[in-house]
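Just below is one structure, and these are the notes that go with it.
The values are calculated or read from the model by the stated rules, or taken from the named source; none is laboratory data. Since this is a predicted model, take the numbers as computed values, not measurements. Here Cβ is always computed from backbone atoms with ideal geometry, including for glycine, and neighbour counts include all displayed protein chains.
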Amino acid sequence: MKKIISIVTYLLSPIKENSIFFVFMYLLGVLTFMIETVTLNFKIPRFNFLSLVVDLYLLCLILIITPKRIRPYLRFLFASVAYVLSVVDVFCVEMFKTKLGPEIVNVIVETDQRESSEFLSRYINIDVLYSSVGLILLLLVIHLLVCYYWSAISSRLYAISWVRYCYVSNYIRMAVLMLIILCFGFCLDSRWTLVRMLNARDLIEIDGCISNFSENTPFNNVLFALKLRQLADAELGVLADNQKDVTVDSCSFQSDKIVLIIGESYIKCHSQLFGYNKETTPKQVERAQGLGSGLLFPFYDVITPFNLTSIVFKNMFSLHSVEDTTNWAKFPLFPVLFRKADYKVFLITNQFVKSIKTDNFDTSGGLFLNDSRLSNLQFDYRNTMTHRYDEGLLHDYDSLRKYEGDHNLFIFHLIGQHIDFYKRSPDSWKKFSSLDYTDRKELSEAERQIVADYDNATLYNDNVIDCILKKYEMEDAIVIYMSDHGDECYDELHRMGRLPGGSDYSPEVLRQEYQIPFWIWCSQSYIERHPIIIERIRMAQHLPFMIDDLPHVLLQLAGIDSSFFDESRSPISEQYNARRVRLINGKCDYDMALKGSRISQ
Ligand SMILES: [Zn+2]
């Protein structure tokens with residue numbers, strides 16, 4: 001019996017030696033789960049509380065085998081990480097109605113220094129303390145106080161007879177150990193899944209683990225997200241290797257100068273061109289009415305398949321379509337095809353310039369644009385600096401023009417209407433103020449100002465685009481404008497920002513976040529020289545389209561023939577398949593969901 005007791009005592013020693021740490025980390029886990037449950041209104045997986053015991057026991061085990069002089073520091077490190085992750089998790093739950101997971105980690109990693117400071121100044125304020133985050137911080141304060149006064153607290157606790165009994169009772173010890181063993185038994189499968197997931201060799205293998213992986217503590221979620229990113233990096237290698245074998249059969253150079261302008265976070269219903277009741281795009285409207293040089297053709301039914309820049313860019317640059325089951329990295333990127341066809345390709349971006357920092361640690365959108373091998377395969381020339389406002393790109397364009405060849409593809413990539421909206425337009429373009437929205441009674445004064453800021457950014461964007469178009473008025477040029485995705489700015493729903501993809505397919509979310517402005521502008525010379533294309537464009541203005549198939553439109557305009565080119569995916573082709581099912585996030589049938597019926601499986 002004595003031997004059993006000593007084994008039990010030995011096995012419980014990791015917890016006994018780190019008792020305060022164990023108790024407070026458990027309370028932290030429970031508090032975090034409870035806040036998630038109440039705020040998100042979902043059921044906690046039943047083994048969450050048990051798996052927490054297992055994880056904490058293993059952490060205490062690591063602590064106890066660590067040399068005594070290092071142990072307090074390591075314990076401090078573990079606790080700090082846990083509190084930080086819980087605070088971030090609860091903050092995300094409160095603000096964005098989502099837990100700390102791959103999407104949030106992606107957004108954090110994708111956010112550059114400028115965006116981070118803007119984000120922090122917008123969301124982090126004293127109000128945060130009065131939210132659930134305050135509860136986590138309160139627990140932290142109690143934890144610190146208990147650590148500080150532990151000798152006084154422990155002697156008082158020990159003076160209470162039943163506490164003393166619990167502390168010395170062998171029965172209690174055995175019961176606790178039994179409980180821990182039971183926890184291990186229940187969680188064996190999920191811990192094994194975690195190990196398999198961390199050892200996964202590709203994204204498909206990870207997919208197989210997700211359904212078994214229910215105990216999503218913030219720590220496990222971050223591990224999961226980082227693993228996803230590591231695999232995404234590996235994907236870059238596959239992507240680069242596949243570009244080498246890409247071939248072009250022929251090229252008619254149908255259009256000498258093709259320009260693609262990629263906007264950012266542009267909510268279609270804030271565009272006057274598409275029916276907004278404020279004058280946010282007067283210059284685009286004029287051009288669509290035939291005033292000025294050239295003509296602008298709005299497309300009225302265009303959507304994006306995702307609402308996260310990086311995933312949109314992957315699908316928009318690759319000839320991969322959302323419904324293709326083969327990995328996107330196995331498909332050619334359209335700039336590579338253009339270069340192989342002997343077009344000069346220029347990238348003029350206000351987001352993804354190459355730098356030492358971004359080379360290794362930028363967004364997955366920026367990643368495949370900035371990776372040295374892939375950048376060299378895709379672009380002949382690119383700008384090297386971002387600018388506070390998008391008009392800075394006009395100077396970049398002017399300085400790169402000397403490198404133009406006989407046939408050119410220019411890709412402009414704007415910061416557009418990216419959060420923080422009021423920073424997207426200079427003071428001279430701030431025409432709207434909260435006073436212009438007094439009819440929006442449901443909004444506070446501050447919220448009305450945010451809408452005004454968004455509209456000012458849209459108005460300024462209209463001017464930047466107009467300046468770009470002016471550069472091509474005297475040329476034989478065709479320009480396509482589109483945004484990567486929409487956003488929320490107190491329109492149909494009382495909130496701003498974007499929801500993690502897949503969490504909501506309501507018509508309101510689809511309209512704000514997935515519908516995008518899309519138009520084609522042709523210079524006067526282009527209109528005269530390409531009557532057939534102009535006719536095809538006119539006929540396509542009301543056709544449904546999703547921008548993962550944009551490369552096919554560009555290839556058709558250039559007249560590039562390749563085995564990957566599919567005319568049925570280009571709305572300006574007679575072969576266009578207008579009956580294509582447009583899947584949001586690869587899952588939700590957009591047209592059906594908007595009409596309020598089924599979501600495809
Ligand atoms: Zn974006």
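The figures follow:
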{"item": "In the stretch 121-175, the residues that are in contact (Cβ under 8 Å) with a residue 60 or more places away in the chain and surrounded by 14 or more Cβ atoms within 10 Å (Cβ to Cβ)", "result": "122, 132, 135, 136, 139, 143, 146, 147, 173, 174"}
{"item": "Residue match in the stretch 400-412 (condition: touching a residue at least 40 places away in the same chain (Cβ under 8 Å), within 15 Å of residue 263 (Cα to Cα), within 14 Å of the ligand (Cβ to nearest atom) and within 22 Å of the chain's Cα centre (by Cα))", "result": "no"}
{"item": "From 81, 54, residue being among the aliphatic types (A, V, I, L, M), in contact (Cβ under 8 Å) with a residue 40 or more places away in the chain and surrounded by 14 or more Cβ atoms within 10 Å (Cβ to Cβ)", "result": "54"}
{"item": "Given (1) at positive phi; (2) surrounded by fewer than 18 Cβ atoms within 10 Å (Cβ to Cβ), number of the condition residue 416 does not satisfy", "result": "(2)"}
{"item": "Residue count, the stretch 541-572 (criterion: aliphatic (A, V, I, L, M) and assigned to a helix (DSSP H, G or I))", "result": "7"}
{"item": "Among (1) surrounded by fewer than 23 Cβ atoms within 10 Å (Cβ to Cβ); (2) at pLDDT below 95 - the single one residue 344 does not satisfy", "result": "(2)"}
{"item": "Total residues in the stretch 451-502, condition within 16 Å of the ligand (Cβ to nearest atom), over 30 Å from residue 558 (Cβ atoms) and aliphatic (A, V, I, L, M)", "result": "3"}
{"item": "Breaking point among (1) β-branched (Val, Ile, Thr); (2) modelled with pLDDT under 85; (3) in contact with an Asp or Glu (Cβ under 9 Å, 6 or more places away or on another chain), for residue 195", "result": "(3)"}
{"item": "Filtered residue count, the stretch 224-274, keeping only those that are closer than 25 Å to residue 473 by Cα, within 16 Å of the ligand (Cβ to nearest atom) and part of a helix (DSSP H, G or I)", "result": "0"}
{"item": "Long-range neighbours under 6 Å by Cβ, at least six apart or interchain, first residue among the hydroxyl-bearing types (Ser, Thr, Tyr) within the stretch 322-346, second surrounded by fewer than 21 Cβ atoms within 10 Å (Cβ to Cβ) and not in a helix (DSSP H, G or I)", "result": "343/407"}
{"item": "Scope the stretch 297-319; condition more than 16 Å from the ligand (Cβ to nearest atom) and either farther than 20 Å from residue 552 by Cα or among the aromatic types (Phe, Trp, Tyr) (or both); matching residues", "result": "297, 299, 300"}
{"item": "Some residue of the stretch 283-303 being closer than 29 Å to residue 563 by Cα, touching a helix residue (DSSP H, G or I) at 6+ places or on another chain (Cβ under 9 Å) and β-branched (Val, Ile, Thr)", "result": "yes"}
{"item": "Pairs with Cβ under 7 Å, 6+ apart, first in the stretch 474-489 and under 19 Å from residue 406 (Cβ atoms), second within 15 Å of the ligand (Cβ to nearest atom)", "result": "479/261"}
